[in-house]
Amino acid sequence: MKRIVLLLVAALSLASCTEEIQRNDQALIGIKNGQNWRAGGAYATIGSNGKLTITGALQYETLVLELNTTNPGTYTLGLNTVNRAIFTDIANGGEEIFSTGTGLGDGQVIIQEYNEAARTVTGQFRFNAIDEDALDPTHPDSTEVVNFTYGNFYKLPVTPAQ
C-alpha cells in the first residue's frame, strides 16, 4: 500500500511539471543575428510632435525604434529617417551604431495596438541595420549588418517625452 501511495504521489508530481506557465509581462524581445535577445528594460515615449520612440537595453546594447505615429499599422524601414531602427553596441570600449535610413537597411515595424487609456503599445518588428562607419563604397557587400527577426514589443509603458 505504501508503494502505491508513493507511486501515485510521484506520478502526480511529474504530471504537474508539464503545466506551461504564461505571463503577460511587458517585454521587448527578438532574435538578434540568430540568438535570443531580450531587453532588460524597455519603454516607449511620445514626443510633442506625436513621434513614438521605443527603447530597450541589454547590458552594452541599446535598441531604438522610431516611428512617426502611434497609429496601428505597418511601417517600412529603409525608406527614410522618419521611421527607422537604431542598434548601438558599446562593448569592448568602442561604439558601433547600426541603423536603417534612406536607402540604408530594410525592415518593418507593425504597431498592433496603441492603448491610449492604459498608455501601452504592442507590436512586432524585423530589420537589417547597417553600420554606416563600416560602409566601403569599393566593396558594397562587405558591410556589417545587425539582423533582428521575430521581434516583439508587448504592452510597453508609454510616457510623454520630457
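For the pair GLU132 and GLU144, the difference between a 0.36 nm per residue extended length and the Cα-Cα distance amounts to 3.5 nm. Measuring r between the beta carbons of ASN152 and ALA91 and using R0 = 35 Å, the FRET efficiency lands at 0.90. Counting charges near ASN83 (Lys, Arg +1; Asp, Glu -1) among other residues having Cβ under 12 Å from its Cβ returns a value of 0. Taking Lys and Arg as +1 and Asp and Glu as -1, the other residues whose beta-carbon sits under 12 Å from that of GLN108 total +1. Scattering from the range 23-160 was approximated by placing one identical point on each alpha carbon and applying the Debye formula without solvent; log10 I(q)/I(0) at 0.12, 0.14 1/Å stands at -0.45, -0.61.
Distance between the 7 Å Cα→Cβ label points at THR102 and GLN124: 3.1 nm.
Every number in this text was worked out from the coordinates using simple rules, so none of it is lab data. Small disclaimer: the values here were computed from a predicted structure and weren't measured. All Cβ positions, even for glycine, are placed from backbone atoms using ideal geometry, and neighbour counts span all protein chains on display.
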